[in-house]
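Trainee: Can you keep this structure in mind? I'll have questions shortly.
The values are calculated or read from the model by the stated rules, or taken from the named source; none is laboratory data. On a predicted model such as this, the values are computed, not experimentally measured, just so you know. Cβ atoms come from the backbone with ideal geometry, glycine included; neighbour counts cover every protein chain shown. Each accessible area value is taken on the protein alone, full model and side chains, heavy atoms only, with ligands, DNA and RNA left out. Shrake-Rupley method; radii C 1.70, N 1.55, O 1.52, S 1.80 Å.
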Amino acid sequence: MDAAAANRFLPGDAYEAAESAPGRAQLLFALINYKDNDLGDYLEVGITLFVRPAGSTDAADDGTFIVHLPVDQAFTCEAGCTIWGFPKTVQDISADDAPAGDSVTWTLTMDGQLVLRITVPRGGNDEMPDMAIHTYTYKDGVPHRTAFSQGGTGSQVRLDGDGVQLELGDHPIAKELAGLGLATGSPATMTTWTEHMHGTFGPADPL
C-alpha cells in the first residue's frame, strides 16, 4: 500500500510507516482465536501497520502499531487498554470454519454495520520458531513500546494469496480501509496460519 496513505491512517505524530519498498508500506489483518490466555478466551481482529518512531532511520526500531483492535469480551478490552494502551473495543466478531476445515471466515461488525469479512486458508505442518519483536502504542497519550515474542506449530506461509477473500462493508472503518486502496476482492500479498500459537508480552515502556 502507499506509504503516504499509511501515514495518514496512523493516529498522532509519534510514529511513521516503515517502508517495505520505496513509497510502500504493509498493512496486515491479525485474526486471533485465543484459547488459553491470561486475559481470557476471546476473538480478536487487529488492523495493523508496520511502523518506526518518527524520524528513526534504524530498521531495528521497526515494529507493529495496531490502529484498531476489536475484541469480543469486556475483560480483555479493559486490561489491554489499561496495561499496554492497545486500542481495544468490544465488538461483534465471528470465526466460522469451512465444512472441509481448510479455511476460516472472520466477520467483524461494529454499530450494526459490516466492517469486513475475510476468509483465510487454514492448515500447515511447519514449526514457527519464537520470534522477538515489539509493538508500539499510545498509553494515556504517551508513546510506548512493548516487547513481545511469538511462535507456534501447525504453521504455513503462503506467498500467493490463494484462498483469501476480502469483503469490505459500509462502516466508517471499512471506508478508512478503502481510503488505503483496499476494496472487496483485493488480493493478499502473503498469508500465514499458526494452529497452535504461543506468545508473551512484556511491560509497556515509555519512549
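Trainee: How are the Cα pair distances of the range 1-128 distributed, in percent, across 5 Å bins from 0?
Mentor: Spelled out bin by bin, the range 1-128 gives 2, 10, 16, 19, 18, 17, 12, 5, 1, 0 percent.
Trainee: Over the range 150-207, how many percent of alpha carbon pairs lie in each 5 Å bin up to the one with the longest distance?
Mentor: P(r) for the range 150-207, in whole percents per bin: 4, 14, 15, 13, 15, 17, 18, 5.
Trainee: Okay, moving on. Rank-order 45-53, 169-177 by packing density, defined as the average count of other C-beta atoms within 10 Å over each peptide's residues, highest first. The partial results should precede the final answer.
Mentor: Numbers: 45-53: 20.9, 169-177: 16.8.
Taking the mean over residues of other Cβ atoms within 10 Å, the ranking is 45-53, 169-177.
Trainee: Between K175 and K35, what is 0.36 nm times their sequence separation minus the Cα-Cα distance? Round to one decimal in nm.
Mentor: Between K175 and K35, full extension yields an extra 47.3 nm.
Trainee: If the reach is capped at under 14 angstrom between alpha carbons, list the aspartates and glutamates near K35, excluding any in the same chain fewer than eight residues apart.
Mentor: Qualifying aspartates and glutamates at Cα under 14 Å: E44, D72, E195.
Trainee: Ignoring any ligand, DNA or RNA, what whole percent of the accessible area of the range 136-204 comes from carbon and sulfur when the probe is 1.4 angstrom?
Mentor: 54
Trainee: Would you please put 112-120, 15-23, 54-62 in order of how densely packed they are, using the mean number of other Cβ atoms within 10 angstrom per residue and starting with the highest?
Mentor: Highest mean packing first, the order is 112-120, 15-23, 54-62.
Trainee: Taking the Cα centre of the range 70-207 as the origin, how large is its charge dipole in debye, to the nearest 20, when only Lys and Arg (+1) and Asp and Glu (-1) carry charge on their Cβ atoms? Don't skip to the end; give the middle numbers.
Mentor: On the way: 7 positive and 18 negative charges, 74 e Å.
It comes to approximately 360 debye.
Trainee: Under a 10 Å cutoff between Cα atoms, tell me which one of A14, A74, A100 has the largest fluctuation in the Gaussian network model of the chain.
Mentor: So, out of A14, A74, A100, the one fluctuating most is A100.
Trainee: Where nothing but the Cβ of Lys and Arg (+1) and of Asp and Glu (-1) is charged, how large is the charge dipole of the range 142-197 around its Cα centre, in debye to the nearest 20?
Mentor: Taking the Cα centre of the range 142-197 as origin, the dipole is about 260 debye.
Trainee: Sticking with this structure for a sec: Assign one of three labels to the range 62-203, namely rounded, prolate or oblate, based on the Cα gyration tensor with a ≥ b ≥ c the square roots of its eigenvalues; rounded applies when a/c is under 1.5, prolate when it is not and a/b is larger than b/c, and oblate otherwise.
Mentor: oblate
Trainee: Using unit Cβ charges (K, R positive; D, E negative) and no other charged atoms, how large, in debye to the nearest 20, is the dipole of the range 97-178 about its Cα centre? Working shown, then result.
Mentor: On the way: 6 positive and 12 negative charges, 51 e Å.
It comes to approximately 240 debye.
Trainee: Measuring with a 1.4 Å probe in the full set of protein chains, what accessible area per residue, in whole Å², belongs to the range 128-185?
Mentor: 51
Trainee: Between P121, P99, P11, find the one with the highest GNM mean-square fluctuation for the chain; connect C-alpha pairs within less than 10 Å.
Mentor: P99
Trainee: Could you provide, to the nearest whole Å², the per residue accessible area of the range 30-75 with probe 1.4 Å?
Mentor: 45
Trainee: Also: In the range 55-101, what percent of the accessible surface is made up of carbon and sulfur (1.4 Å probe, ligands and nucleic acids excluded)?
Mentor: Its accessible area is 56 percent carbon and sulfur atoms.
Trainee: Which residue, chosen from G12, G40, A100, occupies the Cα position most advanced towards the positive end of the dipole of the chain, where the dipole is computed from +1 (Lys, Arg) and -1 (Asp, Glu) charges on Cβ about the Cα centre?
Mentor: The one lying farthest along the dipole's positive direction is G12.
Trainee: Can you give the helix-only mean residue ellipticity at 222 nm for the chain, where every DSSP H stretch with n ≥ 4 adds -39500 (n - 2.57) and the sum goes over all residues, rounded to the nearest 500 deg cm²/dmol?
Mentor: -3500 deg cm²/dmol
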